[in-house]
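Scroll down for the structure; my scribbles are underneath it.
The values are calculated or read from the model by the stated rules, or taken from the named source; none is laboratory data. Computed from a prediction, not measured in an experiment: that's the story for all the values here. Methodologically, a virtual Cβ is constructed for each residue, glycine included, from the backbone with ideal geometry; neighbour enumeration extends over all protein chains shown. Each accessible area value is taken on the protein alone, full model and side chains, heavy atoms only, with ligands, DNA and RNA left out. Shrake-Rupley method; radii C 1.70, N 1.55, O 1.52, S 1.80 Å.
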Amino acid sequence: MALLEVKNLSIAFGGLKAVDDFNVTIEKGQLYGLIGPNGAGKTTVFNLLTGVYQPDSGSIVLDGQDLVGKAPAEICKCGIARTFQNIRLFKKLSVRDNVKVALHNDMEYSLAASILRLPSYFRHEKAMNERAMEILKVFDLDSYADTSAANLPYGKQRKLEIARALATEPKLLLLDEPAAGMNPNETAELMSTIKLIRDKFDITILLIEHDMKLVSGICERLSVLNFGTELCSGDTSAVLNDPKVITAYLGE
C-alpha cells in the first residue's frame, strides 16, 4: 500500500525549472533512494515534501492526506521528518536534550504546568527522558546522553540528527545524504542502523545519497533525477545498471 504518492510535481525559480513533472510512489515500509548529480533537484524535492517550498503544480499525498499548502510544522505533525545535508543540531544542548526538543512535538502539559512545576510537568518530563534514552540506545548514543552535541564525533552527530528526527514519530523519514563526510567504517555502521530503524520503528525511508555502496546496499527502489526531471526509476540494481544513469550520474 502506498504511503507517499507524488504526481506531476513542479517548481521553478526565476523561470528555471528546478523540478519538472516529478512522480514517485513509495510503499509503506520501503527503503527508497533518490539519486542524481549535484544540482539535479533532489534537495528541492525534499523541500517540497516538507513544505519549505510550495509547488507551482502537482500533488503530494501522504497516507491519504494532501500536504500541498501546509506549513513545515503541520507536515511534521502529519508524519514527515527529515535530516539535512549540513548537520543542524542544537550544538550547546546535551545529546539527550536534542532528542527531547523533538519529543515536545507531542507535549501534553500546559505552559502553566511547566512554570508552576505541577505534577503533570514532572510526569511528562520523566516520560520524555525515558523515551529519549530509548531512542538514543538504538543508536548507541545513550552513554553520551549528557554530552554536549558539539563535542560528539562527526559520525555520531549524524546519528543524533537521525535520532532527533525519529523522536517526532514520523511515518516517512527523509534522510539527506546521511553518509556525507563519514569514513567507510562509519558508513557501514550507518547502513546497519538505517535498516534497524526501518524495522524497529516500522517507518518508511526516502534518502538522498551519493555513496553508491550505501545506496545499493539498502535501497529497494530508486528514482534518478537529472536537471530536475526524472531520468528513470525502478529496482535498485536495474536503475544502477541503466546506461542513461551510468552516463548522466556515474560519468562513465
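Figures for the structure shown
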| read-out | value |
| --- | --- |
| Strands (runs of 3 or more DSSP E) lying entirely in region 186-243 (those with 3 or more residues that are under 23 Å from PHE84 (Cβ atoms) and within 15 Å of the chain's Cα centre (by Cα)) | 204-208 |
| Residue identified as more than 23 Å from THR44 (Cα to Cα), at pLDDT 90 or above and open to solvent by 30 Å² or more (accessible area, probe 1.4 Å) among LYS171, LYS156, LYS200 | LYS156 |
| Scan of region 1-38 for residues that are among the aromatic types (Phe, Trp, Tyr) and either over 18 Å from CYS219 (Cβ atoms) or surrounded by fewer than 17 Cβ atoms within 10 Å (Cβ to Cβ) (or both), ordered by number | PHE13 |
| Residue count, region 61-94 (criterion: assigned to a strand (DSSP E or B) and surrounded by fewer than 17 Cβ atoms within 10 Å (Cβ to Cβ)) | 3 |
| Number of the exception - SER59 against (1) farther than 30 Å from PRO153 by Cβ; (2) in contact with a helix residue (DSSP H, G or I) (Cβ under 8 Å, 6 or more places away or on another chain) | (2) |
| So GLU177, is it charged (D, E, K, R), more than 19 Å from LEU4 (Cα to Cα) and touching a Gly at 6+ places or on another chain (Cβ under 8 Å) | no |
| Complete set of residues in region 1-60 that are assigned to a strand (DSSP E or B), touching a Lys or Arg at 6+ places or on another chain (Cβ under 8 Å) and closer than 12 Å to GLU230 by Cβ | SER10, ASN23, LEU34, ILE35 |
| Pairs where the first residue, in region 142-160, is closer than 20 Å to MET182 by Cα and touching a residue at least 12 places away in the same chain (Cβ under 8 Å) and the second is small (Gly, Ala, Ser) and open to solvent by 60 Å² or more (accessible area, probe 1.4 Å), C-beta under 8 Å, 6+ apart | TYR154/GLY181; ARG158/GLY181 |
| Filter pass, GLU161 being touching a helix residue (DSSP H, G or I) at 6+ places or on another chain (Cβ under 6 Å), open to solvent by less than 40 Å² (accessible area, probe 1.4 Å), closer than 26 Å to GLY39 by Cβ and of a type in the set (D, E, K, R) | no |
| Members of region 185-235 that are of a type in the set (Ser, Thr, Tyr) and touching a residue at least 40 places away in the same chain (Cβ under 8 Å) | THR193, THR204, SER223, THR229, SER233 |
